[in-house]
């Protein structure tokens, strides 16, 4: 592994290190991918990643489904945080307990994995790592894959919620007025600026006062890993994030923004908060302030 200079490199595990640990008894590997595309008229086409898992996955990995297992009930929003009890029931039921070491991966930019990582952290579980480079790097290096489904005996998972890690719109609205908080939009520059419109967000543009750092720009295009610390620092510094006491990330539905959150944690920032509902909640609510770049907004 090349030293990329992270303050918290232990949040990641490299592909070679994971292969060496595959037979460790207390290891639990989770594939949590979701297949996400866009509809011709706008909005998202979302499917479970279970079929891809069934075809091939890292040996010993289990599958957890964001569509049916990892999201709390909500009348209009997908992928919202479950309760402590719901989360403990699901992860304990598939054999993840307090004593285990967890490795999470997904596909593409790995933001489903970073989303689940932040959920574990919010529920007080720190013995968790994200596979750097995701499924793509694992396969590109011809590492072992399997099709059999692993079943672990149920285990006891004890949640210990850390309040304020994943927040709602009221906290974000209050933060818009603060001078010590940087609000980062992780969507594409076209969506952020208002040049492109996603029907799921109701209105074009971004939360008033926020800045833009596209989640995919934090990923090294050569091997699908996180960019090195110097590159990450440069990008976050360019939007003024590192000068603020508190950072809130958001995107469309609280998923790709976790890539920004995780990158900040790699750099040693502990004061990073995720807006759970993100633009899918904020945009359709006309009472909440938004702006576009053509309006002269930030």
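Just so it is clear, none of the values below were taken in a lab; they were calculated from the coordinates. For clarity, every value in this text was computed on a predicted model and none was experimentally measured. Methodologically, a virtual Cβ is constructed for each residue, glycine included, from the backbone with ideal geometry; neighbour enumeration extends over all protein chains shown.
Here are some notes:
- Between residue 178 and residue 38, full extension at 0.36 nm per residue minus the direct alpha carbon distance yields a gain of 47.0 nm.
- Calculated log₁₀ intensity ratio I(q)/I(0) where the Debye formula runs over C-alpha points of the stretch 226-269, q = 0.28 Å⁻¹: -1.12
- Classified by the C-alpha gyration tensor, the stretch 120-175 has an oblate form. Its axis ratio a/c, with a ≥ b ≥ c, is 1.5 or above, and a/b does not exceed b/c.
- As a length-normalised measure over Cα pairs under 8 Å and 6 or more apart, the relative contact order of the chain settles at 21 percent.
- Per-residue packing, averaged as other Cβ atoms within 10 Å, sorts the ranges 257-266, 222-231, 116-125 into the order 257-266, 116-125, 222-231, beginning with the highest.
- Label-point separation in nm, residue 99 to residue 151, each point 7 Å along Cα→Cβ: 2.2
- Rounded to 0.05, the FRET efficiency of the residue 83 and residue 238 pair, given R0 = 35 Å and the Cβ-Cβ distance, is 0.40.
- In plain terms, the residue of 128, 251 with the fewest other Cβ atoms within 10 Å comes first and the most crowded comes last, giving 128, 251.
- For the pair residue 126 and residue 7, label points projected 7 Å from Cα toward Cβ lie 1.5 nm apart.
- With both residues required to sit in the chain, DSSP beta bridges show an antiparallel share near 30%.
- Gain in span if fully extended, residue 170 to residue 286, counting 0.36 nm per residue against the direct Cα distance: 40.3 nm
- Under the simplified labelling scheme, the residue 208-residue 245 pair shows an inter-label distance of 2.3 nm, with each label point 7 Å from Cα along Cα→Cβ.
- Exposure proxy shown here: for 191, 96, the number of other Cβ atoms within 10 Å sets the order, fewest to most, as 191, 96.
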